[in-house]
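Take a look at the structure below.
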Amino acid sequence: MEGAGLVGKHILVTGGTGLAGRAIEKVVADGEGQLDEEWIFMFFRDADMMSTTETKALFELCKPTHVIHLAAMVGGLFRNICYNLDFWGAGFWGSPPCRSEKSLHPQRRNILINDNVLHSAYETGVQKVVSCLSTCIFPDKMTYPIDESMVSISVPRHLPGDIPALLNSLLSYPQIHNGPPHSSNFGYSYAKRMIDIQNRGYFEQHGCRFTTVIPTNVFGPHDNFNIEDGHVLPGLIHKVYLAKQTGSALTVWGTSKPRRQFIYSLDLARLFLWVLREYDEVEPIILSVGEEDEVSIREAAEAIVEAMDFRGELVFDTTKADGPFKKTASNAKLRRYLPSFQFTPFRQAVKETCAWFNTNYANARK
Ligand code: NAP
Ligand code: GDP
């Protein structure tokens, strides 16, 4: 665990060694932390959050007043396709997972992690928890752009036997529960959907201020650059690095026509600080660049090619899956709160990430 200073707010960041956690750590270290904040960045070795006992012990030790909950099993399209069950969290109901099982098959079951974190936060009186959803929680068949109203619950109360009110309540149920997510990542997506359900429950029954953010595709330094498991940008950066070494072609998977909104991890980190300090709703908020900044996978690959000065051939392997064609999200709500927030231009952020990977190749996650 790494902390700094000691005063009013004790902020525990679960998943502090990951892409988003490292970005928050950097932004705080670079001067955006405040004097009344003590930041604690949690390492996996501090507590396995699949274990109720270890999670509770960590909360009792750190006594956080605020939590940014990032710890999760995370992966790109191809990892999700292979491990939907693990991304959800089956296998351990009734008994806590043990370290030996984890070391044999290092899965992080999201439903367990989220349940342990939220319940420990409730039990130890944490004032605010900010957890992460994802744009993949929305049904595959959806109208675009996605926005937060599709997650809002306004279920009218009804008396037993009051059928019209019951029907009305079912019809007004939020759209995320009206259809399944894309089949490629149903395990991860359903586990994420449940965080919002739990937050609403903790608010209704106990008045807890547990909220969520919905980032679009995140990238930046400290990402997972593993080619099989990682997301598209770190995967392609690593592939270009290797292609340059061997003088071979760059293989982009799928048709490269799907579209994504990418957010730079350092921009996301600055937004996390604002959400933690100033955003008071339980309702989620989408953290994304605008719809006009959505790019195709081909454009994303070209940005990497330019940033890494790759002169070789590009090959498109259309035998590989495309995943969802798009998940276009509106950032109108964010813009209402923060009209002048400046996102780092995509190509600049890609350049910085490629430069980081080139410099840190030996120790990067890959
Ligand atoms: P990441 O780089 O994979 O980091 C995940 C972190 O969780 C790591 O520090 C990992 O520790 C930790 N962790 C995993 N299992 C754990 C366990 N059982 N106990 C304790 N810690 C555990 O992921 P990220 O991209 O930063 O994602 C952060 C959050 O944003 C996640 O909730 C993710 O679902 C969400 N999100 C990510 C994206 C994206 O594009 N990356 C998009 C939308 C939402 P180790 O490193 O030691 O394994
Ligand atoms: P998603 O946004 O959650 O679907 O996940 P990814 O970040 O893994 O992006 C997947 C999209 O990028 C799909 O359309 C893939 O076909 C495409 N893609 C192209 N090349 C790669 C690659 O090397 N790795 C990954 N993960 N996706 C790739």
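Below is a table of values for the structure above.
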quantity	calculated
Among residues of the range 325-366, those that are part of a loop (DSSP other than H, G, I, E, B) and touching a Ser or Thr at 6+ places or on another chain (Cβ under 7 Å), counted	2
Residues of the range 251-289 satisfying the condition of being more than 14 Å from ligand 1 (Cβ to nearest atom) and over 16 Å from VAL130 (Cα atoms)	THR251, VAL252, TRP253, GLY254, THR255, SER256, LYS257, PRO258, ARG259
Any hit, the range 61-74, residues being more than 14 Å from ligand 1 (Cβ to nearest atom), at pLDDT 85 or above, more than 20 Å from the chain's Cα centre (by Cα) and open to solvent by 70 Å² or more (accessible area, probe 1.4 Å)	yes
Residue check for PRO234: at pLDDT 95 or above, closer than 30 Å to ASP36 by Cα, within 15 Å of ligand 2 (Cβ to nearest atom) and not aliphatic (A, V, I, L, M)	no
Criterion (under 17 Å from SER340 (Cα atoms) and surrounded by fewer than 18 Cβ atoms within 10 Å (Cβ to Cβ)) met by exactly one of ASP293, ASP280	ASP293
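The values are calculated or read from the model by the stated rules, or taken from the named source; none is laboratory data. Note that the coordinates shown come from a computational prediction; the quantities given were computed from them, not determined experimentally. All Cβ positions, even for glycine, are placed from backbone atoms using ideal geometry, and neighbour counts span all protein chains on display. Quick note on the areas: whole protein, heavy atoms, side chains included, nothing else; ligands and nucleic acids left out. Shrake-Rupley method; radii C 1.70, N 1.55, O 1.52, S 1.80 Å.
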